[in-house]
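For reference, the structure is listed below as structure tokens.
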Amino acid sequence: QVQLVESGGGLVQPGGSLRLSCAASGSIFNIYTMGWYRQTPGKQRDLVAAITSGDSTNYADSVKGRFTISRDNAKNTVYLQMNSLKPEDTAVYYCKIVVTRAAGTLRNSYWGQGTQVTVSS
């Protein structure tokens, strides 16, 4: 199996910063795209940022210039640095990775358990 452990969420004032981490472990042969999504009650889960195995990135328009996604392949970990946080960034943040568990097998997606980010004064 594949396990994802997220950390770094919490309460922060508007304008503040947080850094989320998501570490993957288990039966992993190769990791492809790694990403962060967020969800608020009653709404769908939306992409925040993603990074490919070649380090290409894409961001939701609402976070461009404020959030930065990065990955450490040696640690199977993806990060989301969030600066200039706004109240509308409040959500549960989920990481998602796409992996193969052995050579020549199909790619599968796995989700983290979610971490709450609250931006409030």
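The values are calculated or read from the model by the stated rules, or taken from the named source; none is laboratory data. None of the values given here were measured: they were computed from a predicted structure. All Cβ positions, glycine included, derive from the backbone under ideal geometry; neighbour counts span all protein chains shown. Surface accessibility is based on the protein's heavy atoms, side chains included, excluding ligands, DNA and RNA. Shrake-Rupley method; radii C 1.70, N 1.55, O 1.52, S 1.80 Å.
Looking only at residues that are of a type outside the set (A, V, I, L, M, F, W, C) and open to solvent by less than 30 Å² (accessible area, probe 1.4 Å) in region 9-22, which one is nearest to residue 118 (Cα to Cα)?
The qualifying residue nearest to residue 118 (Cα to Cα) is 10.
Using the structure shown, decide if residue 25 is surrounded by fewer than 17 Cβ atoms within 10 Å (Cβ to Cβ) and part of a loop (DSSP other than H, G, I, E, B).
Here the answer is no, as residue 25 does not meet what is asked.
Filtering region 68-98 down to residues that are loosely packed, with under 12 Cβ neighbours inside 10 Å and not charged (D, E, K, R), which residue is farthest from residue 40 (Cα to Cα)?
The residue in question is 74.
Going residue by residue through region 48-55, is there one that turns out to be surrounded by 13 or more Cβ atoms within 10 Å (Cβ to Cβ) and of a type in the set (S, T, N, Q)?
Yes, because at least one residue in region 48-55 is surrounded by 13 or more Cβ atoms within 10 Å (Cβ to Cβ) and of a type in the set (S, T, N, Q).
Take region 99-120 and flag every residue that is closer than 24 Å to residue 18 by Cα and either open to solvent by 70 Å² or more (accessible area, probe 1.4 Å) or outside any loop (DSSP other than H, G, I, E, B) (or both).
Listed by number, the residues that qualify are 110, 111, 113, 115, 116, 117, 118, 119.
Out of region 48-65, which residues are in contact (Cβ under 8 Å) with a residue 12 or more places away in the chain, touching a strand residue (DSSP E or B) at 6+ places or on another chain (Cβ under 8 Å) and either under 15 Å from residue 84 (Cα atoms) or not acidic (Asp, Glu) (or both)?
48, 49, 50, 51, 52, 53, 57, 60, 63
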